[in-house]
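The values are calculated or read from the model by the stated rules, or taken from the named source; none is laboratory data. Note that this is a predicted model, so its numbers are computed, not measured. Cβ atoms come from the backbone with ideal geometry, glycine included; neighbour counts cover every protein chain shown.
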Amino acid sequence: MVDLPRGAVFIDLLVPPGTSQRVEDLQTRLDLVGGGEWRVIADDGSMERSSLPLQPVRGTDERLWVCRSHPFTPTDNLQTAASVALELSGMCNARLAAVGVAGMYAWGFVLVDDFHSLYGLLLLDWLYNPRVSSTGEVVQNPEPSEVEVEMQAKTAMFSQLWTTQGSQLLLSQLPEGVLQQVEGYQALSLLGPNGQFDPRLWQGLAMQLVLPMLQLNAGGGLPPGAPMAPGAPTAPAAPMAPAVAAAPAAEPSILMPGAATEPSQAAVPQPPSDGLTPLARAQVEARERLEARERLAADGSALAAAPVLETAVIDGGPLHWRDGEQGSVLWMPAERFDAGLLRSLQGGDFDQLQRAERPPSEQQERWLSGGGVFVTELPTFSRLFVDGVPLHRAAFEAASADEDGLAVLSCHLPRVCRVRAVVVAADGPSARRILVSSKHELTATQVVHLAGP
């Protein structure tokens, strides 16, 4: 039976079927970016019988564990583990990646491609905690027979709670800033200053969000929804997990690991420096905004009803919509690349953009009717896949063709579409540009022209 050493820092991933066949490729890539500290473990059929079951959220997905060679210590941090999780998620198109410590049913950093998966993960904390009843009440020293009865009740309730409508309802009630968009994923970070990890934060968050949903469901107020994710079983095929362990005895301090990952390190949300977790900070900011609005309303100020003007400064640079003989094309700078945003725009949703960068309605229609063509720049080859395998520089150079002195290759941009990659080489590795176009008819020269300097 596959298992993790107690206290090991690890990343739990739900990945598409067939990914486990590429464990050796993933391990090779991980050795390069992780300094040889991490080991990839594929499920041998026993992970759901471990102390960390993920059914029924797992469904038909495969599961991987990525374990660090040295255990967690009170002076440790999980920031590097979060960076590795982001890198791995892009490499294997993961649906969910959670960073934690073996022996604790708690997570410090979670990446999901859809909030529905995060809601399911929160529900699992309730489902497998024997000290919390089906109605959300804390049970002291439950008898084994009582645990079994409660488990059956929870299992029956799970499918009523884990619906698309329930996920949307919970998402709408989260304070702004709790979730952050990171390279096409939604990131939840419960890491404190310097990346410190306290498992009580996850348990507290799970109960804070799940208990109101239990009460709403008991009162018949939870909206009836679609069934769970396709292929997800209706009952967990795993034993009861242990209760959440206590937090570390000492406050973690700064410890910079010797091998940092690249290039995703800078993209991971950094822990705040004010001593608050992202969740606590978002709640404080939400209360401050509410108090400010109430003060304005009490003063009778006209500012209370005035629209909020958006700043002209856009982090990462604005998007550009360019019309020409090739049709209407969106240029997305490398700093703004977001697979989720691209999907939303191609679906006709422009609300995530600031007003300054939204195209006129006529141009929106031209762009959408033309297929939502985009050109963007990627930071690394590993963001691209060929035959289900992430690319690296040598593989790209071996498979690419020459066009107008530029290397081109048809490949797949995960969670978006098939693209045509164009690599512009220059002096020095930092000057190389990896451009991709969703319109294969665009020549390499046109793609470079649309990307600009």
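Taken over segment 195-218, the criterion of being of a type in the set (S, T, N, Q) and surrounded by 19 or more Cβ atoms within 10 Å (Cβ to Cβ) is satisfied by 196, 203. Residues that are of a type in the set (S, T, N, Q) and at pLDDT 90 or above occur at least once in segment 37-57.
For segment 6-36, name all the residues that are part of a helix (DSSP H, G or I) and of a type in the set (Gly, Ala, Ser). Across segment 6-36, the qualifying residues are 20, 34.
Listed by position, the strands (runs of 3 or more DSSP E) enclosed by segment 46-148 that each have at least 1 residues that are surrounded by fewer than 21 Cβ atoms within 10 Å (Cβ to Cβ) are 62-71. Filtered by the rule that a residue be within 30 Å of residue 8 (Cα to Cα) and surrounded by fewer than 17 Cβ atoms within 10 Å (Cβ to Cβ), segment 163-193 gives 177, 180, 181.
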